[in-house]
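> Below you'll find the structure I mean.
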Amino acid sequence: MLSKVCSAAVNGIEAFPVEVEVNGGHGDFQVVVVGLPDAAVKESKDRVITALMNSGFRFPIGRFTINLAPADVKKEGPSFDLPIALGLLAANEQLETDQLDNFIVVGELALTGGIRPVKGVLPIAIRARAERKAGLLVPVENAPEAAVVDGLRVIPIQNLRQAANFLEGEEKIAPVKVDIERILDQWRDDDLDFADVKGQESVKRALEIAAAGGHNVLLIGPPGTGKSMMAKRLPTILPPLTLEEALETTKVHSIVGLLAPGQALVTQRPFRAPHHTTSDAGLLGGQAIPTPGEISIAHNGVLFLDELPEFKRNVLETLRQPLEEGRVTISRAAGSMTFPSQFMLVAAMNPSPDGKMPGESRSTPREIQNYLGRISGPLLDRIDLHVEVPAVKFREISAAKTGESSAQIRERVVSARKRQHARFADRKSVTCNARMGGKELKMFCALESATLELLKNAMTDMNLSARAYDRILKVARTIADLAGREQVSADDVSEAIQFRSLDRQLWV
């Protein structure tokens, strides 16, 4: 007897339908899985048979061929266990139902017959709705994640016997529902707050500008000045995730298995801090079948690279395309995949090899120049703000007075972002000032003649590149937004120019 069960698999960050065909025939017992399965899928037959027996079903008799269609796309992971088991039951006439075409089914089977959670459920749920399916059968732990997709019945399944009973109509299971607005309104109440940062008012001002416009930042200063401390607090002043951003971020985290059991959405902007020994595959994504790397996991959040010159140069150079385009394309023998990577880059580094300021360092000017030269000019051009982080004075450390809280700073940042959203309402590809292209710069960053002359002199004196010119205009636009001004002023441009310290070569 032939049976068909609808399932789905993930390719990149999108899901595609997979039809699990099971054909039962005469002969000695044998189960053959075809359709480009990987090792985990091939092993599923042993898990499935054991789970069937431990769930109280009869041992299947005869030869069974299981085809995962389309047969020309690699299938990986244990998510096909449950649809294969249901297909075997239907082909062996132990499951009588006409509901198999109405649901997409995913889930890993335990040997006891229990259902374990799987990766990538959110994109699968989105695909199920696109395929106009009546619902989705998923493990209980994955149900809240799938339930954020509006207009889809999400049925939580605890074990194989329950799945069979539900499809035969013998057991009623209420679909899972989640309150998306309530989830998005939740704000993480943790110990990170800018009120804890003593002094460093100029650095906090720079980070506020970066958060308001989505700009990349390079923090330069001796050890112990609070570079990492402030970078970790940057997500606390960023605007809350929108529903669209939360769905995009959750899709990536679901694929790599970073969602906690029962978690419906990623509601906080990610903060990723890979070690400087990470490889280009770890940063961009890799493996035989490409999976998202750190820059994609940081999508809509912050990617923090501490000790920037210690990263391998070839690893840093791979950041150039994602920083410019907001996505990364990885090509392997299995095919090319594109992952989103719109993140804020926050990098930190010492001003010299021994960590001291040039006037205090034992390093020679040539050694300092070689140290800074580990970061290429094209990569520096893509970092909007170069911020000097000086040592904190004793009176600032010992002062009882605290600085502004993250909530106070975030209020100004959100206000500036609202101005940008209104400005770019008809430009879906531009979400903040840092994402402006040439047309937007001409339209929204027009300068008066005196301001233009100021920028011209700075370009000449500092020998800035055309890309640095664009970055200055974008930062100046953000400074004006924070002040509530529509016109970019000379003061805005002057302040933006001050954030090109490495272009001015102050260190040598």
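> For labels at Met1 and Arg129 in the simple 7 Å Cα→Cβ model, what's the distance in nm?
3.5 nm
> Here's a follow-up. Straight distance only, please: which lysines reach the Cα of Lys393 with their own Cα at less than 18 Å, same-chain residues fewer than 8 apart left out?
In chain and number order, the partners are Lys198, Lys204, Lys227, Lys356, Lys401.
> Considering the dipole of the stretch 339-470 built from charges on the beta carbon (Lys and Arg +1, Asp and Glu -1) around the Cα centre, which of Ala425, Ile375, Ala407 is farthest to its positive end?
Farthest towards the positive pole: Ala425.
> Okay, moving on. At a 1.4 Å probe, what is the % contribution of carbon and sulfur to the accessible area of the stretch 31-100?
52 percent
> If you put +1 on each Lys and Arg Cβ and -1 on each Asp and Glu Cβ, how big is the dipole of the chain around its Cα centre, in Debye rounded to 20?
The dipole of the chain has a size of about 840 debye.
> Any idea what diffusion coefficient the stretch 327-409 gets from Stokes-Einstein, in µm²/s, Kirkwood Rh on alpha carbon pairs, 25 °C, 0.890 mPa s?
The diffusion coefficient I find is 142 µm²/s.
> Let me ask something else about it. Subtract the Cα-Cα distance of Glu448 and Leu258 from 0.36 nm times their separation in residues, and report this length gain in nm to one decimal.
Roughly 63.5 nm would be gained on extension.
> Moving on to the next point. With only alpha-carbon atoms in the gyration tensor, what are the semi-axes of the equivalent ellipsoid for the stretch 240-303, in Å, largest first?
Largest first, the stretch 240-303 gives 21, 13, 10 Å.
> Would you compute, from DSSP H runs of 4+ residues alone, the mean residue ellipticity of the chain at 222 nm, taking -39500 (n - 2.57) per run and dividing by the full residue count, rounded to the nearest 500?
Result for the chain, helices only: -10500 deg cm²/dmol.
> Skip the ligands, DNA and RNA, and give the accessible area per residue of the chain with a 1.4 Å probe, whole Å².
Averaged over the residues of the chain, the accessible area is 44 Å².
> Work through the residues other than Gly62 whose Cβ is under 13 Å from its Cβ and net out their charges, Lys, Arg +1 and Asp, Glu -1.
With Lys, Arg at +1 and Asp, Glu at -1, the neighbours total 0.
> Could I ask something else about it? Give the calculated FRET efficiency between Arg205 and Lys428 to the nearest 0.05, with a Förster radius of 25 Å applied to their Cβ-Cβ distance.
0.25
> Now, a different point. Taking R0 as 25 Å, what FRET efficiency do you get between Ala281 and Glu324 from their Cβ-Cβ distance, rounded to the nearest 0.05?
0.80
> Here is a further query. Calculate log10 I(q)/I(0) of the chain for q = 0.07, 0.09, 0.10, 0.11 Å⁻¹, where I(q) comes from the Debye formula with a single equal point scatterer on each Cα and nothing for solvent.
-0.48, -0.72, -0.83, -0.94
> Of Leu160, Pro223, Pro235, whose Cα points farthest to the positive end of the dipole of the stretch 159-261 (charges on the beta-carbon: +1 Lys, Arg; -1 Asp, Glu; origin at the Cα centre)?
Towards the positive end, the residue furthest out is Pro223.
> Next up: Sum up the charges of everything whose Cβ sits under 12 Å from the Cβ of Val41, counting Lys and Arg as +1 and Asp and Glu as -1, but leave Val41 out.
Once all neighbours under 12 Å are counted, the net charge is -1.
> P(r) of the stretch 431-508 in 10 Å steps, Cα pairs, percent per bin?
Bins of 10 Å from zero give 19, 55, 24, 3 percent of pairs.
The values are calculated or read from the model by the stated rules, or taken from the named source; none is laboratory data. Nothing here was measured: the structure is a model prediction, and the numbers come from that model. Cβ atoms come from the backbone with ideal geometry, glycine included; neighbour counts cover every protein chain shown. In case anyone asks, the SASA skips ligands and DNA or RNA and just uses the protein heavy atoms, side chains included. Shrake-Rupley method; radii C 1.70, N 1.55, O 1.52, S 1.80 Å.
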